[in-house]
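Enquirer: Have a look at this one.
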Amino acid sequence: MSRTDRKNSLHIKSVFHVLRQNPIAVIIVLVFALFPAVCGNIYFINVVIEVFFFAALGIAWNVLGGLAKQISWSSACFFTIGAYAGIMMYLSAGVSPWISMFIGIAAACLFALVIGAPCFRLRGVFFSIATISCTTILRQCLIVFKNITGGSVGLNFGIRKNYSLWMLTFRSKTDFYYLSLIWMLACVAIFVAVKHARLGYYLRAVREDEDAAASLGIIPSKLKTKAFLISAAMMSVTGTLYVFRLGYVDPNALCAHDISVKIGLIAILGGMGTTWGPVLGAFIIIPLLELCNYYLQDFAGGGAGYALYGLLIVLIVLLRPSGLITLADVIREKMAKRKAAGSAKGV
């Protein structure tokens, strides 16, 4: 067996190991696979689709932010690049998203290299501040070059009638539901493969002590750039799939700081560096936003919903600073203690 085959075998074993260690997560995934069959409400299906896509974005953010603890607020850039690559190539030449997503990946990785070179010279909060400006720069470029990008108005697909998996033109939301679910699970598999590969161990070493890792011969900037490229590629693919579901692209809506913050919060609140943390975070934050906007849209000019949303996030951070996924560890510990107590009584 070659070295490459051994690596691939180890990655596959890592994925199956995670599945065996998280039977509850597997059961939940199976439940959501059956969800469209038992729920005929299109609104609920749309909300879950949104959850799947933003869970995928949170997992992508977690590759750099969770494993290396490099808090980036430029995620919306790569998401938007993938979306624009998909819609522009479709409108100009009728190119399938399954092809244009590779153009989006190349563009997103190039953008990541351009902004990563100077930003990775910085550490901690200074790195985070440097990445904030990237979203604004890209958004202004999209608005200025309106002959290509549609400017602030954006671009839209118009009416697409023909059913085609190749062009991601579906008759019902159920098709996009399963597409988003499959892509989210693919992102989980990619994250697990990275986490259990040499790159993942090196990134965690950099996270704990960058200077100590460098003294052992590890080049932190090179490792962080690799993680940044993987993260950017995953977000770009998510953007391409997302825009074909949405039907239009708008620089002010997609390439916005709100999107970058939402993606980061999903991973942070769910559990940074964990496999299922961003998935849990997405299932909390996206429905929470929907509920706040729906029930409080008429209060304080629509601002009450965001105020309550912010308050609930603060409470979650105060009560679970390590992420909501740690609740599972608490439950396991309590069950283990009860089991041990029951065994002691039996003796």
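Enquirer: Tally Lys and Arg at +1 and Asp and Glu at -1 over the other residues with C-beta under 15 Å from the C-beta of Ile45: what net charge comes out?
Expert: Charge balance near Ile45 sits at 0.
Enquirer: With r as the distance between the Cβ atoms of Ala33 and Val144 and R0 = 41 Å, compute the FRET efficiency 1/(1 + (r/R0)^6) and round to 0.05.
Expert: 0.40
Enquirer: Only Cα pairs within less than 10 Å get springs; with that Gaussian network setup on the chain, which residue of Gly277, Gly217, Gly239 has the largest fluctuation?
Expert: Looking only at Gly277, Gly217, Gly239, the largest GNM fluctuation is found for Gly217.
Enquirer: Report the full-extension gain for the segment Ser152 to Phe102: residue separation times 0.36 nm, less the Cα-Cα distance, to one decimal in nm. Before the final figure, lay out each step's value.
Expert: Details: separation 50, 0.36 × 50 = 18.00 nm, distance 2.52 nm.
This chain segment gains 15.5 nm when fully extended.
Enquirer: Can you give me the long-range amide H partners of Gly151? Hydrogens built in the peptide plane at 1.01 Å from N, cutoff under 5 Å, separation of 5 or more residues or another chain.
Expert: Here the answer is Lys146, since their amide H atoms fall under 5 Å of that of Gly151.
Enquirer: How much length, in nm to one decimal, is gained on full extension between Arg121 and Ala214, taken as 0.36 nm per residue of separation minus their Cα-Cα distance?
Expert: 32.1 nm
Enquirer: Here's something else I'd like to know. Under a 10 Å cutoff between Cα atoms, tell me which one of Val48, Val261, Val38 has the largest fluctuation in the Gaussian network model of the chain.
Expert: Maximum fluctuation in the GNM of the chain, among the listed residues, is at Val38.
Enquirer: Starting from the amide H of Thr169, placed 1.01 Å from N in the peptide plane, find each other amide H under 5 Å away whose residue is 5 or more places distant or on another chain.
Expert: Residues meeting the amide H criterion: Ser164.
Enquirer: Of the listed values [x] 19.2, 60; [y] 24.3, 77; [z] 21.1, 79, identify the label whose number matches Rg and Dmax of the Cα atoms in Å calculated from this model.
Expert: So the calculated entry is the one marked [z].
Enquirer: Could you give the dipole magnitude of the chain about its Cα centre, charging the beta-carbon of Lys and Arg +1 and that of Asp and Glu -1, in debye to the nearest 20?
Expert: 1040
Enquirer: As an exercise, use a Förster radius of 45 Å and the Cβ-Cβ distance of Arg204 and Arg160 to find the FRET efficiency, rounded to the nearest 0.05.
Expert: Details: r = 44 Å, r/R0 = 0.99.
With a Förster radius of 45 Å, E is 0.50.
Enquirer: While we're here: Taking only Cα atoms and a 10 Å spring cutoff, compute GNM fluctuations for the chain and point out the largest among Leu216, Leu30, Leu324.
Expert: Leu216
Enquirer: Which listed residue (Ser164, Thr326, Phe52) has the Cα farthest towards the positive end of the charge dipole for the chain, taking +1 on Lys and Arg C-beta and -1 on Asp and Glu C-beta about the Cα centre?
Expert: Thr326
Enquirer: Between beta-carbons, use under 13 Å as the cut-off and find the net charge around Asn62, counting Lys and Arg +1, Asp and Glu -1.
Expert: Here the charged neighbours net out to +4.
Enquirer: Could you rank the peptides 126-138, 152-164, 56-68, 96-108 by their average count of other C-beta atoms within 10 Å per residue, with the highest value first?
Expert: 56-68, 96-108, 126-138, 152-164
Enquirer: May I pose another question? Please give the calculated 222 nm ellipticity per residue for the chain, where each DSSP H segment of at least 4 residues contributes -39500 (n - 2.57) and the sum is spread over every residue; nearest 500 deg cm²/dmol? Mind showing how you got there, number by number?
Expert: Details: 16 runs with 269 residues, N = 347.
Result for the chain, helices only: -26000 deg cm²/dmol.
Enquirer: Given the pairs Lys195/Lys334; Lys226/Lys262; Lys69/Lys262; Lys224/Lys262, which span a C-alpha to C-alpha distance of over 25 angstrom in this model?
Expert: Check vs 25 Å cut-off fails for Lys195/Lys334.
Enquirer: Given points 7 Å out from each Cα along the Cα-Cβ axis, report the Leu110 to Ala307 separation in nanometres with one decimal.
Expert: 4.7
Enquirer: Moving on. For region 3-256, what's the relative contact order in percent, using C-alpha pairs closer than 8 Å and at least 6 residues apart?
Expert: Computed value for region 3-256: 38 percent relative contact order.
Enquirer: Here's another thing I want to ask about it. List the DSSP H helices in the chain whose Cα atoms stretch 20 Å or more along the helix axis and whose mean Kyte-Doolittle hydropathy is at least -1.0.
Expert: Helix filter hits for the chain: 3-21, 23-38, 42-65, 75-93, 97-119, 124-144, 173-195, 220-246, 257-271, 277-295, 303-319, 326-346.
Values quoted throughout were computed directly from the atomic coordinates according to the rules given, and no laboratory measurement underlies them. Fair warning: this is a prediction, and the values are worked out from it, not measured in the lab. Methodologically, a virtual Cβ is constructed for each residue, glycine included, from the backbone with ideal geometry; neighbour enumeration extends over all protein chains shown.
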